[in-house]
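*Asks:* Let me begin by handing over the structure; questions about it come next.
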Amino acid sequence: MKQTLKNLQQLMHSQSIEYAWITTPDNINYFSGFLSDPHERLTALYVTQDNALLVVPNMEVEDAQKASNLTAYGYSDTEEAFLVAKQNTNFPDNAKLYIEEEHVTVKREKALFKNFKAAQLNAIDQIIKDMRNIKTADEIEILKSAAQFADKALQIGVSHLKEGITEKEVAQHLESEILKIEGISGMSFNTTVLFGDHAASPHGTPGKRELKNDEYVLFDLGVIYNGYCSDITRTIAFGNPPTFHQEIHAIITEANQRAIEGVRPGVKISEIDALARDYITEKGYGDAFPHRLGHGLGITVHEFPDISSANDDTLKPGMCFTIEPGIYLHGEIGVRVEDDILVTEDGYEVLTRYEK
Ligand code: MN
Ligand code: MN
């Protein structure tokens with residue numbers, strides 16, 4: 001049984017929660033190690049203070065048990081999934097069931113009342129969010145490896161840069177090589193490779209643009225390693241770009257560094273955003289930095305905590321997130337520098353190490 005599941009059971013015990021019904025694929029993966037894409041079919045993790053089991057479509061029973069080491073009960077396409085679930089759980093009539101209210105549809109809510117005969121449905125969303133916000137020792141080890149493989153992927157991409165190659169070709173070389181590594185199941189998102197002025201769009205996609213001498217190349221990529229995501233951005237000089245572009249690069253590198261050095265437990269998240277944003281504004285480019293500073297990282301590439309001026313929560317040891325300031329000047333250049341950061345007991349650790 002995963003430590004995350006044991007931790008959930010402990011929390012359920014301390015808060016007198018008896019029965020939980022978890023249906024978000026990411027959260028089922030987080031607690032059990034079983035990741036599936038069930039589409040419209042029901043997949044659920046049922047948790048009590050001293051037991052846990054899965055309910056999955058028949059064809060997934062074997063995979064689910066293997067991935068989770070939990071008992072999995074299957075149902076066929078002609079059976080009522082919720083009835084099968086009720087028969088295989090110890091859920092008593094007229095009890096309280098804790099569900100993810102942000103995920104359960106009205107249709108499923110009705111099915112839970114009808115088949116489970118639940119007296120009440122309560123939300124467990126916040127408890128799960130708070131848990132995922134603080135990484136366990138096991139998760140931290142995997143996140144460190146994922147970040148190292150992001151460094152490696154970046155190095156592969158850089159090694160393919162040459163005059164005339166297209167953005168898309170670089171992205172394809174990089175992905176096909178890194179995906180050969182054992183344990184890497186995919187990229188965290190479609191790899192971004194943008195040349196020169198094309199990088200001025202924060203969400204540009206790699207195309208047929210050919211690389212010229214003396215321009216910057218923006219790489220934004222990440223890998224999923226053992227179920228955990230990394231995310232790195234570097235803007236790399238190919239040759240000797242114009243001085244003006246180098247100045248923009250220097251401002252962003254400094255903004256990234258200032259924010260990182262502010263990370264330690266107890267600091268407000270909004271203050272970390274301000275460390276980068278105020279510096280960029282001071283240099284005259286505040287309007288050219290249109291997005292939040294970063295986002296949490298874990299089994300999904302965008303999760304809690306939200307690293308923005310709107311988040312006044314404080315940093316806690318075990319939080320893992322990105323710091324990624326950027327400046328985008330239309331028709332000119334786009335520069336972003338992104339690192340994966342872990343909050344430690346007395347400060348921070350930078351998980352991505354590629355030179356800036
Ligand atoms: Mn990124
Ligand atoms: Mn990111």
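Throughout, read-outs are computed from the coordinates displayed, never taken from laboratory work. Since we're looking at a predicted model, the values are computed, not measured. Ideal geometry is used to build each Cβ from the backbone, glycine not excepted, and the neighbour counts take in all protein chains shown.
*Asks:* How far, in nm, would the chain grow between Glu282 and Glu141 when pulled straight, counting 0.36 nm per residue and subtracting the alpha carbon separation?
*Replies:* Working: separation 141, 0.36 × 141 = 50.76 nm, distance 3.76 nm.
Extra length available between Glu282 and Glu141 comes to 47.0 nm.
*Asks:* Still on this structure, please answer the following. Per DSSP H run of n ≥ 4, the term is -39500 (n - 2.57); total these for the chain, divide by its residue number, and report the mean residue ellipticity at 222 nm rounded to 500 deg cm²/dmol. List each step's numbers first, then the result.
*Replies:* Details: 10 runs with 119 residues, N = 356.
Value at 222 nm, helices only: -10500 deg cm²/dmol.
*Asks:* Please compute the Kirkwood hydrodynamic radius over the chain, one decimal place, Å, based on all pairs of different Cα atoms.
*Replies:* On the way: mean 1/r = 0.0453 Å⁻¹.
Answer for the chain: a Kirkwood hydrodynamic radius of 22.1 Å.
*Asks:* Along segment 197-204, what does the Karplus equation 6.51 cos²θ - 1.76 cosθ + 1.60 (θ = phi - 60°) give for ³J(HN,Hα), rounded to whole Hz, x for Gly and Pro?
*Replies:* These are the phi-based 3J(HN,Hα) values: 5, 4, 6, 5, 9, x, 10, x Hz.
*Asks:* Number of Lys pairs in segment 1-137 with C-alpha atoms less than 21 angstrom apart, excluding same-chain neighbours closer than eight positions?
*Replies:* Counting lysine pairs in segment 1-137 gives 18.
*Asks:* Based on the Kirkwood radius over alpha-carbon pairs, what is the Stokes-Einstein translational diffusion coefficient of segment 188-307 at 20 °C with 1.002 mPa s viscosity, in µm²/s? It would help to have the intermediate numbers written out before the result.
*Replies:* Working: Rh = 15.8 Å.
Calculated translational D: 135 µm²/s.
*Asks:* Where does segment 1-156 land on Rg(C-alpha)/(2.2 N^0.38 Å)?
*Replies:* 1.11
*Asks:* Hey, with R₀ at 56 Å, roughly what FRET efficiency would Lys162 and Glu271 work out to, going by the Cβ-Cβ distance, to 0.05?
*Replies:* Numbers: r = 43 Å, r/R0 = 0.76.
According to the calculation, E is roughly 0.85.
*Asks:* Quote the Stokes-Einstein diffusion coefficient, in whole µm² s⁻¹, for segment 26-86, based on the Kirkwood radius over alpha carbon pairs, a temperature of 37 °C and a viscosity of 0.692 mPa s.
*Replies:* On the way: Rh = 11.5 Å.
Rounded, D is 285 µm²/s.
*Asks:* With everything on Cα atoms, drop me the angle between helix 269-282 and the longest principal axis of the chain, reported from 0 to 90° to the nearest 10.
*Replies:* 20 degrees
*Asks:* Under a 5 Å amide H to amide H cut-off, with H placed in plane at 1.01 Å, what residues pair with Ile307 once short-range neighbours are removed?
*Replies:* Gly294, His295, Gly296
*Asks:* Okay, next question. If one computes the Cα centroid of segment 310-356 and of segment 131-195, what distance in Å separates the two points?
*Replies:* 17 Å
*Asks:* How long is the gain from Asp77 to Asn122 if the chain were fully straight, where each residue apart is worth 0.36 nm and the alpha carbon distance is subtracted? Walk me through the numbers on the way to the answer.
*Replies:* Values: separation 45, 0.36 × 45 = 16.20 nm, distance 2.83 nm.
Gain on stretching Asp77 to Asn122: 13.4 nm.
*Asks:* Could you give the length gained by full extension between Gln10 and His173, i.e. 0.36 nm per residue of separation minus their alpha carbon distance, to one decimal place? Don't jump to the answer; show the numbers that get you there.
*Replies:* Details: separation 163, 0.36 × 163 = 58.68 nm, distance 4.60 nm.
Value of the extension gain: 54.1 nm.
*Asks:* Over segment 74-183, one equal point on each Cα, no solvent: what is log10 I(q)/I(0) by the Debye formula at q = 0.12, 0.22 Å⁻¹?
*Replies:* The computed values of log10 I(q)/I(0) come out as -0.73, -1.13.
*Asks:* Tell me, what is the FRET efficiency for Lys96 and Asp50 to the nearest 0.05, using R0 = 22 angstrom and their Cβ-Cβ distance as r? Spell out each step's value before the answer.
*Replies:* Values: r = 17 Å, r/R0 = 0.78.
It comes out at approximately 0.80.
*Asks:* Please report Rg (one decimal) and Dmax (integer) in Å for the Cα set of segment 134-199.
*Replies:* Rg, Dmax (Cα atoms, Å): 13.9, 45.
*Asks:* Computed FRET efficiency, Cβ-Cβ of Gln246 and Glu355, R0 22 Å: what is it to the nearest 0.05? The partial results should precede the final answer.
*Replies:* Values: r = 15 Å, r/R0 = 0.69.
It comes out at approximately 0.90.
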